[in-house]
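Have a look at the structure below before the remarks.
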Amino acid sequence: MTLRLAALVTGLLLLIGTPLAWWLARTRNRLRPVIEAVTALPLVLPPTVLGFYLLIAFNPRSALGAAWVGLTGQTLTFSFTGLVIASLIYSLPFTVQPLQAAFAQVGRAPMEAAASLGAGPLDAFLSVASPLAVRGYLSAAVLTFAHTLGEFGVVLMVGGNIPGQTRVVSIAIYEQVETVQYAQAHVLSAILLGISFAILLALYLLNGRGTAR
């Protein structure tokens, strides 16, 4: 469940975060600081606060929650879909900020050169900007995946602890500690620690090689 959630959120955020990061890296709009602040808000906002407001928004009696129930017959609260949406919001800055930095480093000159050769905006982005920002994509994917693996407060508030539906590793560890099942908690904690360390180590090694070149 945890790996499925992390993989799905990472893939979706790379799609959602790319145009947002591109706009933030290139725009001179006065609203840019506001959008950046909103995007980065999950970095400083306590997860339980964000989870609480999402729980209110996903409630079947709210406009969003009622519309979802009308479309699917299921609630967003205490569901895997609700976990995905909550995780998209909570992990958004871990995708957007590395991509924004990478796009800013690309600069305008390569795009202008591509345009002078007849490339359209989308073609120039796909053939020029994206390859030049590949390390930003790698960092965004790794950080988003690792961050989603360890989510606790938001997923607990929105998804609860339903086996097979919303119980992720962090929630299982908490439950095992609460019930004094330290042996099981040690196993899951060690697995999560090992995966997180391996992911970050691979990222730093790859970035180190890229810098050395």
Surrounded by fewer than 17 Cβ atoms within 10 Å (Cβ to Cβ), closer than 26 Å to Ser79 by Cβ and not polar (S, T, N, Q), is that true of Gly164?
yes
The residue from Thr18, Thr75 that alone is among the β-branched types (Val, Ile, Thr), crowded, with 17+ Cβ neighbours inside 10 Å and either in a loop (DSSP other than H, G, I, E, B) or modelled with pLDDT of 95 or more (or both) is Thr18
Among the candidates Ala129, Ala172, Ala190, Ala133, which residue alone is touching a Phe, Trp or Tyr at 6+ places or on another chain (Cβ under 7 Å), without any contact (Cβ under 8 Å) to a residue 60 or more places away in the chain and not charged (D, E, K, R)?
Ala133
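Listed here are the residues, each with its yes/no results for (1) part of a helix (DSSP H, G or I); (2) at pLDDT below 90; (3) aliphatic (A, V, I, L, M).
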{"residue": "Ala114", "(1), (2), (3)": "yes, yes, yes"}
{"residue": "Ala119", "(1), (2), (3)": "no, yes, yes"}
{"residue": "Ser130", "(1), (2), (3)": "yes, no, no"}
{"residue": "His147", "(1), (2), (3)": "yes, no, no"}
{"residue": "Glu175", "(1), (2), (3)": "yes, no, no"}
{"residue": "His186", "(1), (2), (3)": "yes, no, no"}
{"residue": "Leu203", "(1), (2), (3)": "yes, yes, yes"}
With the requirement that a residue be farther than 11 Å from Tyr90 by Cα and either of a type in the set (Gly, Ala, Ser) or free of Cβ contacts under 8 Å to residues at least 40 places away in the same chain (or both), what does region 50-67 give you?
Tyr53, Ile56, Ala57, Asn59, Pro60, Arg61, Ser62, Ala63, Leu64, Gly65, Ala66, Ala67
Selection over region 80-99 where residues are in contact with a Ser or Thr (Cβ under 7 Å, 6 or more places away or on another chain), among the β-branched types (Val, Ile, Thr) and surrounded by fewer than 24 Cβ atoms within 10 Å (Cβ to Cβ) yields a count of 0
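The values are calculated or read from the model by the stated rules, or taken from the named source; none is laboratory data. Not measured: the values here are computed from a predicted model. Don't worry about glycine lacking a Cβ; one is built from the backbone with ideal geometry, like all the others, and counts go over all protein chains shown.
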